[in-house]
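**Student:** Take a look at the following structure, please.
The values are calculated or read from the model by the stated rules, or taken from the named source; none is laboratory data. Since we're looking at a predicted model, the values are computed, not measured. Note: ideal-geometry Cβ built from the backbone for every residue, glycine included; neighbour counts use all protein chains shown. These area figures cover heavy atoms from the full protein model, side chains too; ligands, DNA and RNA do not enter into them. Shrake-Rupley method; radii C 1.70, N 1.55, O 1.52, S 1.80 Å.
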Amino acid sequence: MNAHSSIAVSATGATITKDAPITKDDAMAIATQNTMLSPRFYTTDFDALDSIDVSSVRGEWDDLIAEMIGDPNKKHFRHNDSFTGVIEGLEPELRAEFTDFLVSSLTSEFSGCVLYAEIAKRTKNPDVKQLFKLLARDESRHAGFINESLKDAGIGVDLGFLTRTKKYTFFKPKFIWYAVYLSEKIGYARYIAIYRHLAANPQNKFHPIFDWFEEWCNDEFRHGEAFALLLRADPKLLEGANKLWVRFFLVSVYATMYVRDHDRPVFHKALGVDPTEYDYEVFDICNQISRQAFPVELNTNDPAFRRKMEALRQSALRIEAGKERGGIGGFAQRVSGMAGAGYNFARLYFHRTKSNELPQTIRLQPTW
Ligand SMILES: [Fe+2]
Ligand SMILES: [Fe+2]
């Protein structure tokens, strides 16, 4: 990060507004950050994917693949003149938080694109290869579309550079499936919840990109369907000790979203959305959908669960405040924040869950 930067990347991935306009370097700094909460790039054991067998879900699999080959959103991601000058015209705080939102979304989309393309390239399994080519096609469109919006404001991210410099996290395939299934489904839930809210409150639509969210999230929904089928094709991934992993990923993904969203108060205010209400609405949608694949569900409507989530966020804020303060006092604050974050994460993890009986028919329609 350079000395004149207009934003600083904080512990929680937040951006802090200063006076100068956001530069390309700032956007790249957001995209390449490697904090606990920033979107990650993944790599996996590609050879292990060769033995995947989808024969137990073949009918639903073939239908989904046919739908993806049909490519319903082929012409959807065309950007137009309505984007010109919008980002530059926003108030500085909103501009900084909206840019952080766009760059984080771009990083998530592009992270999917890189992983899926790599899997498509390296696997010898024809079903896996075909699916991941289609997934990479969609994610590259999504990432490209967001980047076009950033380029309008002169802050496009160099995706080739990002591919080379971003740190990659290794996960075994089953962990990739849990993480990516959830991120696709929560991505759908996030986009559709914003889209529906803005359809009812058009005065809050401060950028045209939100008009694209409805069809866009249907792509994410289909992607999530593919991972639901991959998970259900191998029942042991959803049994025994693996249920504890599912629970771990649910808590991690939900908590990360909660902390990050609360770090963008101006953005949410402009949308006319309370981040707590918005997040619990998204968790609710995601809980309903994930009954197709996950044997456990978090009790997100329990007030005690919500108190623990908020306590976790307060600990994350202490870490951030400690970093900013520096010195011995700041260090103590950070350590206390980290201890609190670990403690509250564990409390969330051990909060009583609901169990689901997995349905015979796996596929769902995006009806939220
Ligand atoms: Fe996407
Ligand atoms: Fe996706």
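**Student:** Suppose every Lys and Arg Cβ carries +1 and every Asp and Glu Cβ carries -1, with no other charges. What dipole size does the chain come out with about its Cα centre, to the nearest 20 debye?
**Tutor:** Working: 46 positive and 48 negative charges, 227 e Å.
That gives the chain a dipole magnitude of about 1080 debye.
**Student:** OK, next. Where only protein heavy atoms count, and the probe is 1.4 Å, what is the accessible area per residue for segment 297-364 in Å²? Could the numbers behind the result be given before it?
**Tutor:** Values: 4030 Å² over 68 residues.
In whole numbers, segment 297-364 has 59 Å² accessible per residue.
**Student:** Determine, for each peptide in 305-316, 165-176, the mean count of other beta carbons within 10 angstrom over its residues, then list the peptides with the highest first. All intermediate terms of the calculation are to be shown ahead of the outcome.
**Tutor:** Values: 305-316: 19.4, 165-176: 15.3.
The most tightly packed comes first, giving 305-316, 165-176.
**Student:** I'd like to know which of 359, 328, 278 lies farthest towards the positive end of the charge dipole of segment 276-368, counting +1 on Cβ of Lys and Arg and -1 on Cβ of Asp and Glu.
**Tutor:** 328
**Student:** If you roll a 1.4 Å probe over the heavy atoms of the protein chains, what accessible area per residue do you get for segment 96-164, in Å²? Could the numbers behind the result be given before it?
**Tutor:** Details: 2230 Å² over 69 residues.
With all protein chains present, segment 96-164 gives 32 Å² per residue.
**Student:** Once you wrap a convex hull around the alpha carbon atoms of the chain, what is its projected area averaged over all directions, in nm²?
**Tutor:** Numbers: hull surface 72.0 nm².
Averaged projected area of the chain's Cα convex hull equals 18.0 nm².
**Student:** Given that compact globular proteins tend to follow 2.2 N^0.38 Å, what is the ratio of the alpha-carbon Rg of segment 85-237 to that value? All intermediate terms of the calculation are to be shown ahead of the outcome.
**Tutor:** Numbers: Rg = 16.7 Å, N = 153, 2.2 N^0.38 = 14.9 Å.
Ratio of Rg to 2.2 N^0.38 Å for segment 85-237: 1.12.
**Student:** Which whole-number value in Å² is the accessible area per residue of segment 178-244, probe 1.4 Å? Write down the numbers at each step before the final one.
**Tutor:** On the way: 2110 Å² over 67 residues.
With the other protein chains kept in place, segment 178-244 gives 32 Å² per residue.
**Student:** Net charge within 9 Å of residue 191 by Cβ-Cβ distance, Lys/Arg positive one each and Asp/Glu negative one each, not counting residue 191 itself? Write out the running numbers ahead of the final one.
**Tutor:** Values: positive: 190; negative: 214, 220.
Cβ neighbours under 9 Å give a net charge of -1.
**Student:** For the chain, which whole-number percentage of the solvent-accessible area (1.4 Å probe, protein heavy atoms only) is attributable to carbon and sulfur atoms? Spell out each step's value before the answer.
**Tutor:** On the way: 8590 of 15920 Å².
Carbon and sulfur: 54 percent of the exposed surface of the chain.
**Student:** If you average 1/r over all unlike Cα pairs in segment 67-128 and invert the result, what Kirkwood radius do you get in angstrom? The partial results should precede the final answer.
**Tutor:** Working: mean 1/r = 0.0668 Å⁻¹.
Averaging 1/r across every pair of different Cα atoms and inverting gives 15.0 Å.
**Student:** Could you give the length gained by full extension between residue 284 and residue 175, i.e. 0.36 nm per residue of separation minus their alpha carbon distance, to one decimal place? Intermediate results must be reported in sequence, preceding the final value.
**Tutor:** Values: separation 109, 0.36 × 109 = 39.24 nm, distance 2.26 nm.
Gain on extension, residue 284 to residue 175, equals 37.0 nm.
**Student:** If a paramagnetic tag sat 7 Å from the Cα of residue 50 along the Cα-Cβ line, which residues of segment 120-140 would have the backbone N under 13 Å from that point?
**Tutor:** Answer for this model: 122-126.
**Student:** Could you sort the peptides 194-204, 214-224, 23-33 by per-residue average Cβ neighbour count (10 Å cutoff), highest mean leading?
**Tutor:** Details: 194-204: 13.9, 214-224: 22.4, 23-33: 19.7.
Final packing ranking: 214-224, 23-33, 194-204.
**Student:** Could you work out the helix-only [θ] at 222 nm for the chain, with each DSSP H run of four or more residues adding -39,500 (n - 2.57) and the total divided by the number of residues, to the nearest 500 deg cm²/dmol? Could you put the intermediate results ahead of the total?
**Tutor:** Working: 12 runs with 225 residues, N = 368.
After summing the helix terms and dividing by the residues of the chain, the value is -21000 deg cm²/dmol.
**Student:** List the residue ranges in the chain for DSSP H helices whose C-alpha atoms run 24 angstrom or more along the long axis and whose Kyte-Doolittle average is 0.0 or above.
**Tutor:** 92-122, 173-200, 242-262, 327-349
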